[in-house]
1. Out of every Cα-Cα pair in the chain, what percent are more than 16 Å apart?
2. Report the residues of segment 1-41 in range of a label on Asn62: point 7 Å along Cα→C-beta, backbone N strictly under 18 Å from it.
3. In the chain, with Lys and Arg counted as +1 and Asp and Glu as -1 at Cβ, which of these residues, Ile56, Leu84, Gly31, has the Cα nearest the positive end of the dipole, that is, farthest along it?
4. With a 10 Å Cβ neighbour count serving as the proxy for reagent exposure, in which order, fewest first, do Asp43, Asp58, Asp3 appear?
5. Give me the distance between the Cα centres of segment 29-85 and segment 1-23, rounded to whole Å.
6. Taking the Cα centre of the chain as origin, work out the dipole magnitude from +1 charges on Lys and Arg Cβ and -1 charges on Asp and Glu Cβ, in debye rounded to 20.
7. Given the rule -39500 (n - 2.57) for each run of at least 4 DSSP H residues, summed and divided by the residues of the chain, what is its mean residue ellipticity at 222 nm, to the nearest 500 deg cm²/dmol?
8. Using Cα atoms only, what is the angle between the long axis of helix 68-84 and the major principal axis of the chain, expressed in degrees (0 to 90) to the nearest 10?
Amino acid sequence: MPDDNKKIDQICDGLNMISEDNSIPRNIRRGAEEVKQILRKPDDPIDLRVASATSILDELANDPNIPLHGRTLIWNIMSRLEELA
C-alpha cells in the first residue's frame, strides 16, 4: 500500500502539471483537479479510484480542444494508473 501511495503522489504531480498549464483549456484543467480529488480518497478501494480516474482522463484526452502536449501528458498518466489496477 505505501508503494501505491507513492505512485499516486507521482500521478498527482503529473495532474498538477496539467492543471497549472494555462495553454490547456480550463475544462481540462478542472478535470485534472477532479481526478486528483478522486485519487486522494483513502476510503474508496484503489481499483474504484483508478477506474473512475481513468474514465475521466479518457474523456479529457478525447476533447478536440486539448493541445497535443496535454493529450500526451494524460496518456502518460493513464499508463501510470494502469500500474495501480
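1. Values: 1533 of 3570 pairs.
Counting every Cα pair in the chain, those more than 16 Å apart make up 43 percent.
2. In segment 1-41, the label zone of Asn62 (backbone N under 18 Å from the point 7 Å along Cα→Cβ) covers 27-29, 31-32, 35.
3. Result: Gly31.
4. Working: Asp43 5, Asp58 12, Asp3 9.
Listed from fewest to most nearby Cβ atoms, that is Asp43, Asp3, Asp58.
5. Cα centroid to Cα centroid, the span is 10 Å.
6. Numbers: 11 positive and 16 negative charges, 46 e Å.
Taking the Cα centre of the chain as origin, the dipole is about 220 debye.
7. Working: 4 runs with 65 residues, N = 85.
One gets -25500 deg cm²/dmol as the mean residue ellipticity at 222 nm.
8. So the inclination is approximately 10 degrees.
Rule-based calculations on the coordinates, nothing more; no lab input. Bear in mind the structure is a predicted one, so any value in this text is a computation, not a measurement. Cβ coordinates were reconstructed from backbone atoms using ideal geometry, including for glycine residues, and neighbour counts include every protein chain displayed.
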